[in-house]
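> One structure, pasted below without further comment.
Just so it is clear, none of the values below were taken in a lab; they were calculated from the coordinates. All values reported here derive from a predicted model rather than from experimental measurement. Every residue, glycine among them, receives a Cβ derived from its backbone with ideal geometry; neighbour counts consider all protein chains shown.
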2 protein chains.
Amino acid sequence: MSSNRLMYLPLGGAGEVGMNCYVYGYGPEHDERLIVVDLGVTFPDMDSTPGVDLILPDVSWLQERRDRIDGIFITHAHEDHVGAVGHLYDRLKAPIYARAFTANIGRRKLEEHGIDTDVLTTVSPWPETVEAGPFKVGFVPISHSIPESSGLVIDTPAGRIVHTGDFKIDTNPGVGEPFDAELWSSFGAVKALVCDSTNVFSHAEGRSESTLADPIAELIRTQDGMVAATTFASNIARVKTLAEAGVAAGRSVCLLGRSMSRMVQAGTETGVLADFPAVISPEDATQIPRENLMLLVTGSQGERRAASAQLANGKYRGLQMKEGDTFLFSSKTIPGNERGVIKIINQFSEMGVDVVDDHGGLYHVSGHANRPDLEAMHKMVGAQVVIPMHGEHRHLREHAKVSKSAGFDSIIAVNGTIVDLSGNAPKIGGYVETGRTYLDGSVQVGMLDGIVRDRIRMALNGHVIITVIIDENDDPLGEPWCELKGLPEVGASNAPLVDVLEEDLGQFLMRADAKTLRDDDKLEEQMKRIARKTSQAEIGKKVEVTCVISRLS
Amino acid sequence: MSSNRLMYLPLGGAGEVGMNCYVYGYGPEHDERLIVVDLGVTFPDMDSTPGVDLILPDVSWLQERRDRIDGIFITHAHEDHVGAVGHLYDRLKAPIYARAFTANIGRRKLEEHGIDTDVLTTVSPWPETVEAGPFKVGFVPISHSIPESSGLVIDTPAGRIVHTGDFKIDTNPGVGEPFDAELWSSFGAVKALVCDSTNVFSHAEGRSESTLADPIAELIRTQDGMVAATTFASNIARVKTLAEAGVAAGRSVCLLGRSMSRMVQAGTETGVLADFPAVISPEDATQIPRENLMLLVTGSQGERRAASAQLANGKYRGLQMKEGDTFLFSSKTIPGNERGVIKIINQFSEMGVDVVDDHGGLYHVSGHANRPDLEAMHKMVGAQVVIPMHGEHRHLREHAKVSKSAGFDSIIAVNGTIVDLSGNAPKIGGYVETGRTYLDGSVQVGMLDGIVRDRIRMALNGHVIITVIIDENDDPLGEPWCELKGLPEVGASNAPLVDVLEEDLGQFLMRADAKTLRDDDKLEEQMKRIARKTSQAEIGKKVEVTCVISRLS
């Protein structure tokens, strides 16, 4: 009998911010029983994933072993933790567990995919636990920026693991349970602390959500016009802080943007936002003097279709920003989103709207633990080993350094790395193939399928389509025909590029020998070469080429 | 006789950071004599300008009036001020003026385009001046981050204009003349101060380049491995600060990246960098113990082909970063470049290289004037009106506010706005059509030509090519043929997308009436519609379609 192995395997989130998906296994090596923690998404960008709608972890490895999965545990309701539940459930078909608010959001996602919501079980917090194969899993309340965020205590025959999920140390977080240091110090012997890394480069102690209430209320109170504020809709703590500040400043609050309304609704339904201020509809908002109105809008990252971008473009649901109004970004711009955000700021500037953003740190605090708070967490849990998760490589590496300098063993494990936790020290137990799955329109495609690569090439190089007809005698019928897309009309010869291409290709066809004309592959290869050479000479660019050879035979 | 008009017209740089190009005019309205200040470029990005190599101001308005241009004045040798000189000279054909270092860089650009470098005249600084039509222009030394940066004093029959160019207030700038407050207070009656706006949101007083020397030398001295540092090659002040710090820390300095070597060479040729430390070649660098070596490399913005990206990918010119080495970003990441920079940081992290960036502000200062320095400049020059230039709309608007609150008249003028400075108060004198010209490969194309739009569409939606052959009787010959590029193979029907498309198009062709089959436009329109509808149903995406209809008749 082979001995049992306790393993940790990140499939998403370790080597990036977003797309969290972690696997724990226990049992005979290569036949472990498995649980999954979080099924999150990340977002595409034009640079690397044009046309893609959403990015999911590649769960092929799990899918091939789905009879060994005893449960999927969702720590909280942020998209990068719960967003892939609907998209990936059918490939895993394992029971899902979450606390009530997270479950509410998760069920909406399952419903959108026509999946029976009974596969998701609502769980009470620690000290209650869920038995899942050899695992016993408890949801331990932890402060973050959304209700009922939880870390997990995962008990296994080989010892206890504590998985923080996303967290900050905040004893007055606005929504969700205050951080309970006593609770987080009470787990006894812990084999491994698997810990959020995103803010390891922030050296200052983290600030409480509650510190924002007064500055934001003061800001709103001193404005003469309408005030609009944006944050992540899923940052429910902030949405509440902003709404309460608006009310404190004597304004009626109106939510704009579907995700904003949906999140508040989920919070109200589950009772975790019972004390959320009353809001008015956009229709009613148009009837209120602008100095008595506050809008709470989606689109803090400059997303093109969100409410903030719509307001920056003009009217949205009958409401319009004007000279003398104020727009507050109560958010941090995620790297890569700067251009979109700056565009909105400049559009508002053109309207005469004053934009207030977070340069002073007065109107935004992070939902994640800064370095001193990570160090505090390490000490509270006192695990044998700290495994940094959720972060880019630089975050994981720095977090491992921080842990080691405080005397904790640590190991850097990026997506696809199996960490064997069975012995006294963690060790690499192998690697699995992993990556990303793209949701493209309604289809899931692999990141290595070449689809996105071809799109990027067309975008960078333009696209020439060559059509040639070959008759029954394997002779060209007429001239080759070219269509250009995404290319300049005229190049170095001062003649239309399409003419020069057709001329050069026609010359080639006239001279081509019978063997070449009979061979589609050869013909295509030669014509592509000529088109690239001609375009390079004419416009200084090697174009993408598609050849269509039609044979009448 | 119509009275004369004094006008200011930005064609680039006013409404953006980069691509500076400003026009001043004096003479009968609509027949003014003109001078141009700066001919800069800006850089493309995948989001909005995929495949484009460089972005130039659209100078059509100037080109149409080129017989009225009396001179082009280049304030300094940064790409966003001098970068378009070679690309646009042939369209303007007016004499160019610059100080020696700027002229050296400018002539290299003219040479690259086969233009006689005599069109560029080297000018001595103020109090010398150049007569250009009704204008008398003097180059006034001002501190920035590159040698011989200059503001311009522009005398006209209607009064004096002071154009700052890019600047900071630095009495110890490392390269270039120290800021001379007495000189900048000596211009007497000034009609308009046209003033750099980029740092108006930075509220702290600007810091001198010289404050970096000690912290950087200290950082380098305390590293055990090789040290590499990156900054903009054109930030010659920083290149020098870094090289001197390396030498002070007892290391040999090696420049990597063509633009780095070219800039230092230009500085040495013109004598403005006579005191630049001796450097060694990459070949020699491979022979030196790494703890005695410092690399100075291009690519501070994560540019894919620059030295920093190459080092992050592996070897570059025989040199390789290793565990224990240090990489310093002595630079600020320009919004939009974050992803590229972060990618490099993570690659280095994977190698075990420690990356130091500017979060503390210890290793980088800006080359532009912060708000208090702008206010100081306003006072020193004491112009009737302050016209904010070089900045996005939000910068221009804020700068105008700052000016007004100190009692100076001000006006916001974005690209294409003619400001009439003839009277006692500035007023809008009209608008001209303006925009951007894309250098795409070797061809200049207009931003509204639709080329880039088509590329973006192919990147977002994929591309389907439909080929149909119509015989002599206007009947389809065989089935329609589809080629897919950038699209998933299989959609909702679980059959190849290409088969479903060909099937649907074939059905349509079979049923199409003679009139449709005779009409290319109608046929194309219908087939495009069907392809979009089918793809939407199959893969949830409306594809881009190109139709090639070949008629045998």
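> Relative to the Cα centre, what is the charge dipole magnitude of the range A:451-551, using +1 at the beta carbon of each Lys and Arg, -1 at the beta carbon of each Asp and Glu, and rounding to the nearest 20 debye?
On the way: 15 positive and 20 negative charges, 139 e Å.
Roughly 660 debye for the range A:451-551.
> Could you give the alpha-carbon Rg of the range A:451-551 over 2.2 N^0.38 Å, rounded to two decimals? Could you put the intermediate results ahead of the total?
Details: Rg = 13.5 Å, N = 101, 2.2 N^0.38 = 12.7 Å.
Its radius of gyration relative to the 2.2 N^0.38 Å reference: 1.06.
> Using the charge dipole of the range A:421-483 (Lys, Arg: +1 at Cβ; Asp, Glu: -1 at Cβ; taken about the Cα centre), state which of A:460, A:439, A:426 has its Cα farthest towards the positive end.
Highest projection toward the positive end goes to A:426.
> What are the ³J(HN,Hα) couplings of the range B:325-333, residue after residue, when phi is run through the Karplus curve with 6.51, -1.76, 1.60 and θ = phi - 60°? Round to Hz, x for glycine and proline.
Once rounded to whole Hz, the list reads 7, 10, 10, 10, 8, 9, 6, 10, 7.
> Something else about it: What's the Kirkwood radius of the protein assembly as shown in Å, using all Cα pairs?
32.5
> Also, I was wondering about something else. Please name which of A:142, A:175, A:220 has its Cα lying farthest along the dipole of the range A:136-245 towards the positive end, using unit charges on Cβ (Lys, Arg +1; Asp, Glu -1) and the Cα centre as origin.
Farthest along the dipole direction, towards plus: A:142.
> Separate question: Taking each label point as 7 Å beyond Cα in the direction of the beta carbon, state the distances from residue B:449 to the same residue in the other copies, shortest first, in nm.
3.4
> Further question: Can you check what the Kirkwood hydrodynamic radius comes to for the range B:340-460, Cα pairs only, in Å to one decimal?
Numbers: mean 1/r = 0.0524 Å⁻¹.
When all Cα pairs of the range B:340-460 are included, the Kirkwood radius is 19.1 Å.
> For the range A:209-356, what proportion of DSSP beta bridges, expressed in % and rounded to the nearest 5, is antiparallel? Spell out each step's value before the answer.
Values: 1 of 18 bridges.
In the range A:209-356, DSSP labels about 5 percent of beta bridges as antiparallel.
> Let me ask you something else. Please give the Cα centre distance for the range A:1-79 versus the range B:70-96, rounded to the nearest Å.
Going from one Cα centre to the other spans 55 Å.
> Right, here's the next one. Note the angle between two axes, namely the Cα long axis of helix A:451-461 and the longest principal axis of the Cα atoms of chain A, as a number of degrees from 0 to 90, rounded to the nearest 10.
It is inclined by approximately 60 degrees.
> Among the listed pairs A:485/B:528; A:343/B:404; A:485/A:522, which have their C-alpha atoms separated by more than 18 angstrom in this model? Could you put the intermediate results ahead of the total?
Values: A:485/B:528 15 Å; A:343/B:404 25 Å; A:485/A:522 24 Å.
Going by Cα-Cα distance, A:343/B:404; A:485/A:522 fall outside the 18 Å limit.
> May I pose another question? Which whole number of Å³ per residue matches the convex hull of the alpha-carbon atoms in chain B?
Working: hull volume 110.4 nm³, N = 553.
Convex hull volume per residue, Cα atoms: 200 Å³.
> Using Cα-only point scatterers and the Debye equation, what is log10 of I(q)/I(0) for the range A:66-198 at each q in 0.10, 0.14, 0.19 Å⁻¹, rounded to two decimals?
Log-scaled intensity ratios, in q order: -0.31, -0.62, -1.11.
> To the nearest 20 debye, what is the magnitude of the charge dipole of chain A about its Cα centre, counting +1 on the Cβ of each Lys and Arg and -1 on the Cβ of each Asp and Glu? Let's see the in-between values first.
Values: 54 positive and 77 negative charges, 178 e Å.
Its charge dipole is roughly 860 debye.
> I would also like to ask the following. Going 7 Å from Cα along the Cα-Cβ axis for the label, what nanometre distances separate residue B:335 from the same residue across the other copies?
Computed spacing set for this position: 1.8 nm.
> Moving on to the next point. For B:399, B:390, which order do you get if you count the other beta carbons within 10 Å of each Cβ and list the fewest first? If you can, show how the numbers build up before the last one.
On the way: B:399 28, B:390 31.
So the residues, fewest neighbours to most, are B:399, B:390.
> To the nearest 20 debye, what is the magnitude of the charge dipole of the protein assembly as shown about its Cα centre, counting +1 on the Cβ of each Lys and Arg and -1 on the Cβ of each Asp and Glu?
Details: 108 positive and 154 negative charges, 306 e Å.
Roughly 1460 debye, rounded to the nearest 20.
> Here's something else I'd like to know. With axes computed from alpha carbons, what is the tilt in degrees of helix A:393-405 against the longest principal axis of chain A, rounded to the nearest 10 within 0 to 90?
For helix A:393-405, the angle is close to 30 degrees.
> Please give me the summed charge of the neighbours of residue A:428: other residues whose Cβ is under 14 Å from its Cβ, Lys and Arg +1, Asp and Glu -1. It would help to have the intermediate numbers written out before the result.
On the way: positive: A:5, A:427; negative: A:29, A:409, A:420.
Result for the local shell: -1.
> Considering every residue in B:449-461, what mean count of other chain Cβ atoms within 10 Å of its Cβ is obtained?
6
> Helix A:258-269: angle to the longest alpha-carbon principal axis of chain A, degrees 0 to 90, nearest 10?
30
> Considering the options B:510, B:476, B:490, tell which one lies farthest towards the positive end of the dipole of the range B:451-551, charges being +1 on Lys and Arg and -1 on Asp and Glu at the Cβ, about the Cα centre.
Positive-end residue among those listed: B:490.
> Put the label 7 Å from Cα along Cα→Cβ for residue B:315; what are its distances to the other copies, in nanometres, shortest first?
Ordered by increasing distance: 6.6 nm.
> Okay, next question. Tell me which GluC sites (Glu not before Pro) from the range B:309-415 have a DSSP coil assignment and no more than 16 other beta carbons within 10 Å of their own. Show your work: numbers first, answer last.
Details: sites: B:323, B:338, B:350, B:375, B:392, B:398; in loops: B:323, B:392.
Answer in residue order: B:323.
> DSSP beta bridges in chain B, what fraction antiparallel, as a percent rounded to 5?
Details: 51 of 96 bridges.
In chain B, DSSP labels about 55 percent of beta bridges as antiparallel.
> Across peptide A:475-488, what mean number of C-beta atoms from other chains lies inside 10 Å of a residue's C-beta? Intermediate results must be reported in sequence, preceding the final value.
Details: counts 0, 0, 3, 3, 0, 0, 4, 1, 4, 3, 10, 15, 8, 10.
Mean partner-chain Cβ count within 10 Å for A:475-488: 4.
> Still on this structure, please answer the following. I'd like the antiparallel share, as a percent to the nearest 5, of DSSP beta bridges with both residues in the protein assembly as shown. Let's see the in-between values first.
Details: 102 of 192 bridges.
The answer is about 55 percent antiparallel.
> Now, a different point. Return the distance in nm (one decimal) between the two label points of a simple spin-label model at residue A:124 and residue A:221, each offset 7 Å from Cα along Cα→Cβ.
4.3
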